[in-house]
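These notes concern the structure reproduced below.
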Amino acid sequence: MRLVQETPYRFRLDRTGPMRVPGVVFASATLLLEDEALRQVANVATLPGIVRASYGMPDLHWGYGFPIGGVAATDVEQGGVVSPGGVGFDISCGVRLLASDTRRDGLPLHRLMDLLGDTVPRGAATGALWTLSGRPELEAILRDGARHAVGQGRGVPRDLERCEDFGALPGADPAQVGARAMERGLGQVGSLGSGNHFLELQTVEQVYDEAVAAAFGLRAGQVCVMIHCGSRGLGHQICTDHVRAMDKAMAGYGIDVPDRQLACAPVESPEGRAYLGAMAAAANYGRANRQALGQAARDAFSSIAGARLDLVYDVSHNLAKIEEHDGRLLCVHRKGATLALPPGHPGLPGDLRLVGQPVLIPGTMGTASYVLAGVAGGEAFHSTCHGAGRTQSRHQAARAISGKELRARLESRGIAVRGLGWRGLAEEAPSAYKDVDAVVAASEGAGLCRRVARLVPIGVVKG
Ligand code: 5GP
Ligand code: MN
Ligand code: MN
């Protein structure tokens, strides 16, 4: 794939063959870009109704159909399509950050980590913090997301001000969620899942903008809790079911895609609407899940350390949203990409309106994570990166280092590790990811966001 460098942080992939728009990849010359991921950026550019460009963020890497770190918008009124592969299997996977009123000195870190390690459900098996009263309660979660959790005492009303879409994505249609997905969803509200999902204690190591950090509730030295997880088996099953339905329906709409994993249907079709209704339900499930886990972290901080946790923000980085841009109604897919609204945007709560949307970027359990803010003039429909991005497969990562050795290294640096299995830990080794400092520098350099604070890990509960 031939990339043309336009500026230090912007590369263009010219239109060839069936591409309807060019590709645009934000990166720096030193960030590794896989050929397969670039090929996927080009494939996405062929989707019916796509506008402007098929975008890649600096953490771009290979994914199912669409690359992870990909952003693509289609024109709803011009036959634009929605594709489940453009959202991913973990619908509404995202990040929640809570800030404590305490510093690391004097914090009983190991007792706190023991309690969190014992109480936070994780791994592929079931087990959840929240035992639902039955199917009607699951439906309430699918419709109302974090709002339902707060209504049930799992959080405080202010939390909802600090959630994207105020805790619930509109348009959820539980009737479009299949029986198997419902079944899988019943027993997993309040659980991390496996692999790259985690609950991490971090300290704010550096603040780049005091005023914006203060508006977010952050200051240097403070202990924070970062939670990364999504919609568990329910979201996964919804993606599987709707990919299958669209794969069957595509030919009837005259849609031809270069890769079957790009299965899609017009937004304004029965299949498109069904997927978006189910996807919004899964998004709300993911938000309720993070709300429940955040509340468990609060309980642990309160009982072990007598400390408080306030929600900084909660973002999704796997979602398609219907948004208006330049007077057009677009279906914006963000897969491994984060919405970053600029200052002044009406989607922001009053106290964040002037500073822009908080963006939460996990790095790895051994390096840094970041808090960024949206900026005016951001490209790619106000989107930015979502993490460091993998450079190695799980298999490669586990071959390069043993879980035991990795834990010893982290512990020797003062990072408390509560894992589940050695293999799972090794698969998420910091060396399996890009350099998050470089990814964030490229995102800022490309004008997509700006840095607010850098956080470093002190304890990690791994899925
Ligand atoms: P994804 O949503 O693509 O699965 O993961 C998002 C990002 O989370 C990854 O690109 C990686 O940078 C980050 N990540 C994975 N594991 C950990 C961890 O244990 N701690 C932190 N802070 N970040 C992680
Ligand atoms: Mn994720
Ligand atoms: Mn996920």
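Coordinate-derived values only; no laboratory data. Quantities reported herein were computed from a predicted structural model and do not represent experimental measurements. Using ideal geometry, Cβ is built from the backbone for each residue, glycine included, and neighbour counts are taken over all protein chains shown.
If I filter region 276-283 for residues that are within 16 Å of ligand 1 (Cβ to nearest atom) and in contact (Cβ under 8 Å) with a residue 24 or more places away in the chain, do I get at least one hit? So that I can check it myself, show each step before the final result.
Going residue by residue through region 276-283, those that are within 16 Å of ligand 1 (Cβ to nearest atom) are 282-283.
If we keep only those that are in contact (Cβ under 8 Å) with a residue 24 or more places away in the chain too, we end up with 282-283.
Within region 276-283, one or more residues are within 16 Å of ligand 1 (Cβ to nearest atom) and in contact (Cβ under 8 Å) with a residue 24 or more places away in the chain.
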| query | Any chance region 94-104 includes a residue that's assigned to a loop (DSSP other than H, G, I, E, B), over 25 Å from the mean Cα position of the chain (by Cα) and on the phi < 0 side of the Ramachandran plot? | reply | yes
| query | In region 18-47, what residues are within 18 Å of A380 (Cα to Cα) and either of a type in the set (F, W, Y) or part of a loop (DSSP other than H, G, I, E, B) (or both)? | reply | M19, R20, V21, P22, F26, A27, S28, A45, T46, L47
| query | Which of (1) in contact (Cβ under 8 Å) with a residue 60 or more places away in the chain; (2) farther than 29 Å from H333 by Cβ; (3) of a type outside the set (V, I, T) is the odd one out, the single condition S412 does not satisfy? | reply | (1)
| request: State yes or no: is G366 buried (at least 17 other Cβ atoms within 10 Å of the Cβ), within 16 Å of ligand 3 (Cβ to nearest atom) and in a loop (DSSP other than H, G, I, E, B)? | output: no
| field | Check on A373, in contact with an Asp or Glu (Cβ under 8 Å, 6 or more places away or on another chain) and outside any loop (DSSP other than H, G, I, E, B) | value | yes
| said: Between G387, G414, which is within 30 Å of R219 (Cβ to Cβ) and surrounded by 21 or more Cβ atoms within 10 Å (Cβ to Cβ)? | reply: G387
| request: Evaluate region 217-233: report whether one residue or more is surrounded by fewer than 24 Cβ atoms within 10 Å (Cβ to Cβ), small (G, A, S) and touching a Ser or Thr at 6+ places or on another chain (Cβ under 7 Å). | output: yes
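Among the residues of region 258-272 satisfying the criterion of being more than 21 Å from V177 (Cα to Cα) and under 26 Å from the mean Cα position of the chain (by Cα), which is surrounded by the most Cβ atoms within 10 Å (Cβ to Cβ)? Quick ask: steps written out before the conclusion?
Let us first name the residues in region 258-272 that are more than 21 Å from V177 (Cα to Cα), namely 258-260.
Going one step further and asking which of them are under 26 Å from the mean Cα position of the chain (by Cα), we end up with 259-260.
On the way: D259: 15, R260: 11.
So the residue we want is D259.
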| task | Quick one: count up the residues across region 381-403 that are under 8 Å from A426 (Cα atoms) and in a loop (DSSP other than H, G, I, E, B). | result | 2
